Amino acid sequence: MNPAWTEETDPLEVIGWALETYPDLILPSAFNLNGTVLIDLAYKAGYRGEVVFVDTGYHFPETLQTRDRLAERYPDLQFVTLTAGLEPEPWGQERYRTDPDACCAARKVAPLRAYLERKKPRALLNARSRDQASTRAHLGFVEPGERVRINPLAYWTRERLEAYAKAHELPVNPLYWAGFLSIGCWPCTRAVRPGEPARAGRWAGRGKTECGLWVGKEAL
Ligand code: SF4
């Protein structure tokens, strides 16, 4: 990490540094607005590795279509879909109603964790940004750890991301423009109301704000 970096540092510079420092890095994505912009920037910076998506079995059709449109647009990237979380579950279906933490742990975190433990990348490119939620307000470009997380979009606002996506005609998930500013599984996502933070529509009313991939004791 360059100590001269500031909030204004171009994400391309951050990604360029990441590619040089961690050539084995992997880009997990859920194909939200942030993820779509990050894929485009990573491609422009020279990334030609994997874009890894966890299919929980509960994604909106629009999300799967967005994945397919991105795969068509960037044929040099390797789009990988993990479906390990779709194995029969001893506790039955619709766990998202009774225990969403356990559902996310089984359907999201476990498949990606198993994949990363097999591939052993030293770093991940991550699309989170500060203005998505108060839980992300202190995000920096680099989060150290056993597996370093690099967040090139940490300081980009939603308006800036939208402007970039429009200027480059990126295939943004159409649900985004219908108010789904953060898109997860359909049972746990609603459109955001005016004035709400971007992630207010995720697990609304259930006291849960993160799936556990990036925050919490099971975080990757
Ligand atoms: S977001 Fe909802 S449906 Fe998806 S894995 Fe988590 S609890 Fe289950």
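The values are calculated or read from the model by the stated rules, or taken from the named source; none is laboratory data. Just so it is clear, the model here is predicted, and its values are computed rather than measured. Because the Cβ atoms are built from the backbone with ideal geometry, glycine has one as well, and the counts that use them run over all protein chains shown. Only protein heavy atoms, including side chains, enter the accessible area calculation; ligands, DNA and RNA are left aside. Shrake-Rupley method; radii C 1.70, N 1.55, O 1.52, S 1.80 Å.
Can you pull out every residue in the stretch 1-25 that is under 22 Å from Glu162 (Cα atoms) and surrounded by fewer than 17 Cβ atoms within 10 Å (Cβ to Cβ)? Of everything in the stretch 1-25, those that are under 22 Å from Glu162 (Cα atoms) and surrounded by fewer than 17 Cβ atoms within 10 Å (Cβ to Cβ) turn out to be Thr6, Glu7, Glu8, Thr9, Asp10, Leu12, Glu13. Does the stretch 63-79 include one or more residues that are in a loop (DSSP other than H, G, I, E, B), over 24 Å from Arg136 (Cα atoms) and open to solvent by 30 Å² or more (accessible area, probe 1.4 Å)? Looking for residues that are in a loop (DSSP other than H, G, I, E, B), over 24 Å from Arg136 (Cα atoms) and open to solvent by 30 Å² or more (accessible area, probe 1.4 Å), one finds at least one in the stretch 63-79, hence yes. Once the stretch 171-214 is narrowed to residues that are assigned to a loop (DSSP other than H, G, I, E, B) and of a type in the set (Ser, Thr, Tyr), the residue that is surrounded by the fewest Cβ atoms within 10 Å (Cβ to Cβ) is Thr209. Candidates in the stretch 53-79 are the residues that are away from the ligand (no atom under 16 Å from the Cβ) and among the polar types (S, T, N, Q); of these, the one that is nearest to Tyr115 (Cα to Cα) is Gln78. Exactly one residue out of Ala102, Ala163 is under 26 Å from Arg69 (Cβ atoms) and either over 14 Å from the mean Cα position of the chain (by Cα) or at pLDDT 95 or above (or both), and it is Ala163. Within the stretch 118-136, the residues that satisfy the criterion of being under 15 Å from the mean Cα position of the chain (by Cα) and either part of a strand (DSSP E or B) or without any contact (Cβ under 8 Å) to a residue 12 or more places away in the chain (or both) are Ala123, Leu124, Leu125, Arg136.
Please work out if Arg149 is under 24 Å from Tyr22 (Cα atoms), among the charged types (D, E, K, R) and either part of a strand (DSSP E or B) or open to solvent by less than 70 Å² (accessible area, probe 1.4 Å) (or both). Answer is yes for this residue.
Just a yes or no: is a residue in the stretch 26-38 surrounded by fewer than 21 Cβ atoms within 10 Å (Cβ to Cβ) and at pLDDT 95 or above? Outline the logic, then answer.
Here is the first cut: in the stretch 26-38, the ones surrounded by fewer than 21 Cβ atoms within 10 Å (Cβ to Cβ) are none.
No, the conditions are met nowhere in the stretch 26-38.
For the stretch 25-54, a residue qualifies if it is part of a loop (DSSP other than H, G, I, E, B) and either without any contact (Cβ under 8 Å) to a residue 40 or more places away in the chain or more than 16 Å from Pro144 (Cα to Cα) (or both), and the qualifying residues are Ser29, Ala30, Phe31, Asn32, Gly46, Tyr47, Arg48, Gly49.
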